[in-house]
Amino acid sequence: MSQLPAIVQREKPREAEPECPPIVRIQKLIFDEAFAADASDIHIEPGQNSTRVRCRIDGLLKQTLEIPRWMHDNLVVRIKILAKLDISERRLPQDGHIHGEANGADIRVSTLPTRWGEKVVIRVLRRGRASMTLAQLGFGPAIEDRLQALIRQPQGILLAVGPTGSGKTTTLYALINEIRNEPLNIVTIEDPIEYEVEGISQVQVNERVGLTFARTLRSILRQDPDVILVGEIRDAETAATAFRAAMTGHLVFSTLHATDSVSALLRLSELGIDKNLMSSAIVGIAAQRLIRLNCRGCAEPEFPRPIYLERLGIDPMDQHRLRRSAGCQACKSTGTGGRRAVFELLEMSRRVREALASGSELEIGDAAREAGFSSITDQAVELALAGRVAVHEVYRSCYFGGE
């Protein structure tokens, strides 16, 4: 955990200025350390006696700093000024954006009033990720080739699904990057716009003035689009409009919160999308997870619980191939050597369409496997058997039950 500059380790001064040099230095220290650690989020959390700062690194929150309680309000004011928020409003949540931050990142800021003061959560958005390609994301050659074919279809809807923080939006931008130099009119609807991309039209949703996903999407359909990126399908109206666009000569990319690609179909059904419409409009569903890799410097034999092996379908005779990381200086005792994505791609084959029309989730999965479908769990188990991922990590992040 980082050490505070000496000037702020003393007792509270009689008069603390919001813009005093110690506050500026603390704010820069917090940001610089988060950038250096490749953190995705910064949490500034007030407590009764002190404020702790935690960074989400490789999916885990790690405390990096603890500051005196008297500094908290001044630090929040400093961040609010940078994000152009109302420094006098402490009773309501606020959202802002810090533009032009160093280290190739933009910053999203969210404040929330809590028992001991305003909690601040800062999302770090690295501009370089807006230009990533499918190959750079780690799609295997087989899935990448199939995606390259799907994103060049004249119409239909392609979904990226998974939990929050699994990289769905990054995948959508990678899809856009594959085709943005082609003679196409590409329009996005986002809340918020996470990355700025040259050569496409990006629209920021503003629900306070009535500019919702569904309303914006209806307007975009009158803008002669070829490809539409909808940041998230989050309600029945947006889902219906997106599918209508996909059925009227447009290619639509979007994200959906679902466990895996098969359960995404059931989620759409809950949103009121007819199964026949799904069969006709959906060209593919890509599900993904971010999984923590073993640190190569401290990997050692792993002896997981037998129930894990049974549920993941790992033969006990293969246990000698399993590894886990104990933690070392190289990985800062985290036992993690970074993260990588694992993917599955469900395409709407004839058998999948038939199973969707009349079958259960299990039958849809069986139909997909007949066409060579490989699940996220299958791929994560392969990584475990190669010693790159611990079995408990596979079970934690990629086992959904029933596979």
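The values are calculated or read from the model by the stated rules, or taken from the named source; none is laboratory data. In this text the structure is predicted, and so the values were computed from the model without any measurement. Cβ sites come from the backbone with ideal geometry, for glycine too, and all protein chains shown count toward neighbours. The accessibility values were calculated without ligands, DNA or RNA, using every heavy atom of the protein model including side chains. Shrake-Rupley method; radii C 1.70, N 1.55, O 1.52, S 1.80 Å.
Within the range 50-81, can you find the residues that are within 16 Å of LEU112 (Cα to Cα) and open to solvent by less than 30 Å² (accessible area, probe 1.4 Å)?
THR51, VAL53, HIS72, ASN74, LEU75, VAL76, VAL77, ILE79, LYS80
Would it be correct to say that THR259 is farther than 30 Å from LEU362 by Cβ, hydroxyl-bearing (Ser, Thr, Tyr) and either free of Cβ contacts under 8 Å to residues at least 12 places away in the same chain or out of contact with any Gly (no Cβ under 7 Å at 6 or more places or on another chain) (or both)? First the steps, then the outcome.
Numbers: farther than 30 Å from LEU362 by Cβ: no; hydroxyl-bearing (Ser, Thr, Tyr): yes; either free of Cβ contacts under 8 Å to residues at least 12 places away in the same chain or out of contact with any Gly (no Cβ under 7 Å at 6 or more places or on another chain) (or both): yes.
No.
Going by the structure shown, is ARG321 under 26 Å from the mean Cα position of the chain (by Cα) and in contact (Cβ under 8 Å) with a residue 40 or more places away in the chain? Can you show your working first?
Values: under 26 Å from the mean Cα position of the chain (by Cα): no; in contact (Cβ under 8 Å) with a residue 40 or more places away in the chain: yes.
No; evaluated as a whole, the condition is false for this residue.
Which of the residues belonging to the range 82-111 are over 21 Å from the mean Cα position of the chain (by Cα), exposed (fewer than 15 other Cβ atoms within 10 Å of the Cβ) and not in a loop (DSSP other than H, G, I, E, B)?
GLY100
With the requirement that a residue be basic (Lys, Arg) and surrounded by fewer than 17 Cβ atoms within 10 Å (Cβ to Cβ), what does the range 375-403 give you? Spell out how you get there, then give the answer.
Of all residues in the range 375-403, those basic (Lys, Arg) come to 388, 396.
Within the range 375-403, ARG396 is the sole residue that qualifies.
Search the range 172-186 for residues that are free of Cβ contacts under 8 Å to residues at least 40 places away in the same chain and pair each with any residue that is charged (D, E, K, R) when their beta-carbon atoms are under 9 Å apart and the residues are at least 6 apart or on different chains.
Cβ pairs passing all conditions: ARG180/GLU198; GLU182/ARG152; GLU182/ASP226; PRO183/ASP226.
Among the residues that make up the range 286-295, is at least one of them more than 18 Å from VAL381 (Cα to Cα), buried (at least 20 other Cβ atoms within 10 Å of the Cβ) and within 19 Å of the chain's Cα centre (by Cα)? Outline the logic, then answer.
Initially, the range 286-295 is screened for residues more than 18 Å from VAL381 (Cα to Cα), giving 286.
If we keep only those that are buried (at least 20 other Cβ atoms within 10 Å of the Cβ) too, we end up with 286.
Going one step further and asking which of them are within 19 Å of the chain's Cα centre (by Cα), we end up with 286.
There is at least one residue in the range 286-295 that is more than 18 Å from VAL381 (Cα to Cα), buried (at least 20 other Cβ atoms within 10 Å of the Cβ) and within 19 Å of the chain's Cα centre (by Cα).
Can you name the residue in the range 241-261 that is in contact with a helix residue (DSSP H, G or I) (Cβ under 8 Å, 6 or more places away or on another chain) and of a type in the set (A, V, I, L, M) and is also most open to solvent (accessible area, probe 1.4 Å) among such residues?
Step by step, filter the range 241-261, then rank; the result is MET247.
Looking only at the range 230-240, count how many residues are of a type in the set (D, E, K, R) and open to solvent by less than 20 Å² (accessible area, probe 1.4 Å). I'd like the intermediate steps shown before the answer.
First, the residues of the range 230-240 that are of a type in the set (D, E, K, R): 232, 234-235, 237.
From what is left, the residues that are open to solvent by less than 20 Å² (accessible area, probe 1.4 Å) are none.
Count: 0.
Out of the residues in the range 333-374 that are outside any helix (DSSP H, G or I) and polar (S, T, N, Q), which is most open to solvent (accessible area, probe 1.4 Å)? Full working, then the answer.
Taking the range 333-374 and keeping what is outside any helix (DSSP H, G or I), we get 333-349, 359-360, 371-374.
Adding the requirement that they be polar (S, T, N, Q) leaves 333-334, 336, 349, 360, 374.
Numbers: SER333: 92, THR334: 70, THR336: 20, SER349: 36, SER360: 55, SER374: 45 Å².
Ranking the candidates gives SER333 first.
Restricting the first residue to the range 224-244 and requiring it to be farther than 21 Å from TYR173 by Cβ, which pairs with a second residue that is β-branched (Val, Ile, Thr) and surrounded by fewer than 24 Cβ atoms within 10 Å (Cβ to Cβ) meet a Cβ separation below 9 Å and a spacing of at least six or different chains?
Once the first residue is farther than 21 Å from TYR173 by Cβ and sits in the range 224-244, its partners that are β-branched (Val, Ile, Thr) and surrounded by fewer than 24 Cβ atoms within 10 Å (Cβ to Cβ) give ASP235/THR212; ALA236/ILE273; GLU237/THR212; ALA239/ILE273; ALA240/ILE273; PHE243/ILE273.
Hey, among the residues in the range 172-196 that are hydrophobic (A, V, I, L, M, F, W, C), modelled with pLDDT of 85 or more and surrounded by fewer than 19 Cβ atoms within 10 Å (Cβ to Cβ), which one's farthest from ILE151 (Cα to Cα)? Reasoning before the result, please.
Step one: filter the range 172-196 for residues hydrophobic (A, V, I, L, M, F, W, C), giving 172, 174-176, 179, 184, 186-187, 189, 193.
Among the residues that remain, those that are also modelled with pLDDT of 85 or more are: 172, 174-176, 179, 184, 186-187, 189.
Checking the rest, the ones that are also surrounded by fewer than 19 Cβ atoms within 10 Å (Cβ to Cβ) come to 179, 184.
Values: ILE179: 8, LEU184: 12 Å.
So, considering only residues that are hydrophobic (A, V, I, L, M, F, W, C), modelled with pLDDT of 85 or more and surrounded by fewer than 19 Cβ atoms within 10 Å (Cβ to Cβ), the one farthest from ILE151 (Cα to Cα) is LEU184.
For ARG215, only one of the following conditions fails: (1) open to solvent by 50 Å² or more (accessible area, probe 1.4 Å); (2) assigned to a loop (DSSP other than H, G, I, E, B). What is its number?
Looking at each condition in turn, ARG215 falls short on (2).
Looking at the range 156-171, which of its residues are surrounded by fewer than 16 Cβ atoms within 10 Å (Cβ to Cβ) and either β-branched (Val, Ile, Thr) or free of Cβ contacts under 8 Å to residues at least 40 places away in the same chain (or both)?
Going through the range 156-171, the residues surrounded by fewer than 16 Cβ atoms within 10 Å (Cβ to Cβ) turn out to be 163-165.
Correct list: THR164 only.
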